[in-house]
1. Enter the accessible area per residue of region B:1-75 (Å², integer; probe 1.4 Å; all protein chains in place).
2. Under the Karplus relation 6.51 cos²θ - 1.76 cosθ + 1.60, θ = phi - 60°, what is the ordered set of whole-Hz ³J(HN,Hα) values for region B:178-194, x standing for Gly and Pro?
3. Would you please state the base-10 log of I(q)/I(0) at q = 0.15, 0.16, 0.18 1/Å for region A:66-270, with intensities from the Debye formula using one equal scatterer on every alpha carbon?
4. Per-residue Cβ counts within 10 Å, from other chains only, averaged over A:41-51: what number is that?
5. I'd like the accessible area for B:Met44: 1.4 Å probe, protein heavy atoms, all chains in place, Å² to the nearest 10.
6. For B:256-269, what's the mean count of beta carbons from other chains sitting within 10 Å of each residue's beta carbon?
7. Could you work out how much longer the chain between A:Ala88 and A:Val32 gets when fully extended? Use 0.36 nm per residue separation minus the Cα distance between them, nm to one decimal.
8. Round to a whole number: what % of the accessible area of region A:7-59 belongs to carbon and sulfur, probe 1.4 Å?
Amino acid sequence: MSRRVSNRRKALVTVIAWAIGIAIFFPILWTVLTSFKTEAEAIASPPSFVFFDWTLENYTEVNERSDYFLHFMNSVIISLGSTLLGLAIAIPAAWSMAFVPAKRTKDVLMWMLSTKMLPPVGVLIPIYLLFRDFGLLDTRTGLVIVLTLINLPIIVWMLFTYFKEIPGEILEAARMDGAGLWEEVIHVLTPMAVPGIASTLLLNVILAWNEAFWTLNLTAAKAAPLTAFIASYSSPEGLFYAKLSAASTLAIAPILVLGWFSQKQLVRGLTFGAVK
Amino acid sequence: MATAHSRAAARLMISPAVLLLLGWMIVPLSMTVYFSFLSYNLLMPGMEEFIGFTNYEFFLTDPAFFAALANTLLLVGGVLVITIVGGTLLALLLDQPFWGQGIVRILVIAPFFVMPTVSALVWKNMFMNPVNGLFAYFAKALGLQPFDFLAHAPLASIIVIVAWQWLPFATLILLTALQSLDQEQLEASEMDGANFLNRFVYIVLPHMSRAITVVILIQTIFLLSVFAEILVTTNGGPGTSSTNITYLVYAQSLLQFDVGGGSAGGIVAVILANIVAVFLMRMIGKNLEA
């Protein structure tokens, strides 16, 4: 890593990299800025970047008019609920695959992964009809179930790659000291596994928060999370840029913050350990 | 040193995950297969009857299917080209030393965390709108006629939106791969007089080829199922000019209530995705020491 670089070259790279970085980020920046404008200013020509009357009225209006908080809470409950449920199912599975591998462990892992590759439209109709018949359409419970299932393979895989890195000798030692299986899991494994579990949780909350196939198809007004609520702005009435921006900013802000903390886990989680 | 006892326990711990995924895969998928052989419309309950491969015949000979297949390939291919080429260049750039590396990285990665409906609507309204969009403003400022992107180039516009969402993913993975490159090898080649292009073609690119393949395969899986971006921008139109297979199946089953035809389309989509999945699974399997 000791390549020496002249300051001139470094300055040049700095300028180019920042220009590109800002260009890529610009749509988000523009959305945030627009959310603080009035509707008239939002479509003003020439557009103003900073010198406009900053206002919070869009945020209050979005809240009052559209029950924004309900959809926000739906997003929180659905993404967190499906992640926690997924972890509860996946932790024992990943643990046993990492520490008590059998001949078929690899096959099981690969098969789990293959379920992730099933395109959602392949099962859209049966799921829709089953949900209709069981009264799960437009319910948070229904979405928690579906999102748990579609993300379960990723959770198992991520946990597996983390658990694999815990040295097996420690567990052997605990076993020699007479620890039973559950004591082993709770007192020895869990403390060492917490960072991996936390990363998995983080990435999975992000994926569930942004999921936009099942949330759009299985919800209407009641259980709609933010993905589906924002979609209602595709056929608006009257001026709406500033309100759309405010609603969007609120929807993406929490996940942007979480996302920036999870860059490394993202690579591991989304490539199934194929790139580290 | 697994004992018989711990093996049994392990099997017990694995079974909920396996059974759930098995149920998730087998039950709905076999229902889809079953429906695909029926004449089944939600508006005419109780009129279902077995009609063999007729749904497949209709779906596969429908001009909309060919349009959707072509659009799907263009969408996947277009986004892949932009994100792989752009991502490689960006990764090379971000791998250089410069001031504010951490911040620029954050700026570049950000679009990946924006939910699809938000990014599609922001691009549609605030950038591509022919009256109030920012692009229209710049066109007018330059004395040009504003262009109605989503009406006249709907698929290309959607490709741009989706590429913006996936460019960070490609960049991040390629950058990770790049950073594991042996610097000494690079320096040695530099001393031997290899120029930038030589080094890139003979050292960097071979080193990254594996990561590039992984990015291509994973993105393809997700891009085959692009849905929300199409739903909120064009609804697949005008006509079928921005309808992909996923959207076509959705429209057939949930907008026209043709369960039979939609199911046949769903199975076609599954087969298409499986062709890609086989390759991806092989790549990942090679890397797995379980």
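The values are calculated or read from the model by the stated rules, or taken from the named source; none is laboratory data. All values derive from a computational prediction rather than experimental measurement. Neighbour counts are summed over all protein chains in view; Cβ atoms, including those assigned to glycine, are modelled from backbone coordinates with ideal geometry. Just so you know, the surface numbers come from the protein's heavy atoms only, side chains and all, with ligands and any DNA or RNA stripped out. Shrake-Rupley method; radii C 1.70, N 1.55, O 1.52, S 1.80 Å.
1. On the way: 4520 Å² over 75 residues.
Here the per-residue accessible area is 60 Å².
2. Couplings: 4, 6, 8, 6, 5, 5, 5, 4, 5, 5, 4, 5, 5, 5, 6, x, 6 Hz.
3. Per q value, in the given order, log10 I(q)/I(0) is -0.98, -1.07, -1.24.
4. Numbers: counts 0, 3, 7, 2, 7, 4, 6, 0, 0, 0, 0.
The mean count of partner-chain Cβ atoms within 10 Å per residue comes to 3.
5. 100 Å²
6. Partner-chain Cβ atoms within 10 Å, mean over residues of B:256-269: 3.
7. Result for the pair: 16.5 nm of gain on full extension.
8. Numbers: 2110 of 2910 Å².
That fraction is 73 percent.
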